[in-house]
Amino acid sequence: GAGVSQSPSNKVTEKGKDVELRCDPISGHTALYWYRQSLGQGLEFLIYFQGNSAPDKSGLPSDRFSAERTGGSVSTLTIQRTQQEDSAVYLCASSNSVGSAYEQYFGPGTRLTVT
Amino acid sequence: AQRVTQPEKLLSVFKGAPVELKCNYSYSGSPELFWYVQYSRQRLQLLLRHISRESIKGFTADLNKGETSFHLKKPFAQEEDSAMYYCALNGQGAQKLVFGQGTRLTINP
């Protein structure tokens, strides 16, 4: 079946511009996660959705970052006034269960480059 | 606070040799530990989780609560094992994974 998809696969933007990154989770998965993969920083948690609500936004690095999820499916991560330090691969994952010991299925990522 | 440490950024071994990727964690409760793998040009995928006590692709990992470790081991490395490996932790009640910084494993022929 179809896995998690993300678009665009690559995005180059100028410093100060806003960007939107999209994630389509596996159909029926109620939980959705955003992570950021930076050189030297590993994988950092950004935000978690259960349905359309976001119980945990603790990883968002600043108020320039926001995310929403509609219809319990597609999610958009928005970065306003991008900075060079925002350059990273942004990964989305989804899961069909909550609680511990669940498996997260990852998308291919969006590589964001801020020039 | 939850923290995962993978002390080796790079690890290189010869084909057929044993391999061990180290992972230590910091968490006061009972964590769930995972190993994720990312092969070249592929997406991140689950390799194994401690709760299932499985052996996947010849890899095993034992949770040692006394040493707060979850090292990944394979007795005989294969070239196709070359990849980036991430150890991850999920704390009780948490809905997110905390990842280590990853170890890039290279298997030399």
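So here's what we get for this one:
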item	result
Where a residue in the stretch A:87-107 is at the interface with chain B (Cβ under 10 Å from one of its Cβ atoms) and part of a loop (DSSP other than H, G, I, E, B) and its partner, wherever it lies, is modelled with pLDDT under 85 and surrounded by fewer than 22 Cβ atoms within 10 Å (Cβ to Cβ), with Cβ under 6 Å and at least six apart	A:Ala101/B:Ile51
Residues within the stretch A:63-115 that are in contact with a helix residue (DSSP H, G or I) (Cβ under 9 Å, 6 or more places away or on another chain) and closer than 27 Å to B:Gly91 by Cβ, tallied	3
Number of the exception - A:Ala31 against (1) surrounded by fewer than 16 Cβ atoms within 10 Å (Cβ to Cβ); (2) within 14 Å of chain B (Cβ to nearest Cβ)	(1)
Members of the stretch A:50-85 found to be more than 18 Å from A:Ser5 (Cα to Cα), under 13 Å from the mean Cα position of the chain (by Cα) and modelled with pLDDT of 95 or more, listed by number	A:Phe65, A:Ser66, A:Ile79
Residue in the stretch B:52-75 that is within 10 Å of another protein chain (Cβ to nearest Cβ) and surrounded by fewer than 19 Cβ atoms within 10 Å (Cβ to Cβ) present	yes
Of residues in the stretch B:19-42 being within 11 Å of chain A (Cβ to nearest Cβ) and polar (S, T, N, Q), the one farthest from A:Gly107 (Cα to Cα)	B:Ser30
Filter result for the condition that a residue is small (Gly, Ala, Ser) and more than 25 Å from A:Thr113 (Cβ to Cβ), over A:Ser62, A:Ser75, A:Ser27	A:Ser27
Members of the stretch A:7-42 found to be within 15 Å of B:Val98 (Cβ to Cβ) and touching a Leu at 6+ places or on another chain (Cβ under 7 Å), listed by number	A:Trp34, A:Tyr35, A:Arg36, A:Gln37
Elements of type strands (runs of 3 or more DSSP E) contained in chain B, each with 1 or more residues being in contact with a Gly (Cβ under 8 Å, 6 or more places away or on another chain) and more than 23 Å from A:Ser95 (Cβ to Cβ)	B:3-5, B:72-74
Unique residue being within 14 Å of chain A (Cβ to nearest Cβ), over 14 Å from the mean Cα position of the chain (by Cα) and modelled with pLDDT under 95 when the list is B:Gln45, B:Gln101, B:Gln92	B:Gln92
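The values are calculated or read from the model by the stated rules, or taken from the named source; none is laboratory data. In this text the structure is predicted, and so the values were computed from the model without any measurement. Note that each Cβ is placed from the backbone with ideal geometry, even for glycine, and that neighbours are counted across all protein chains shown.
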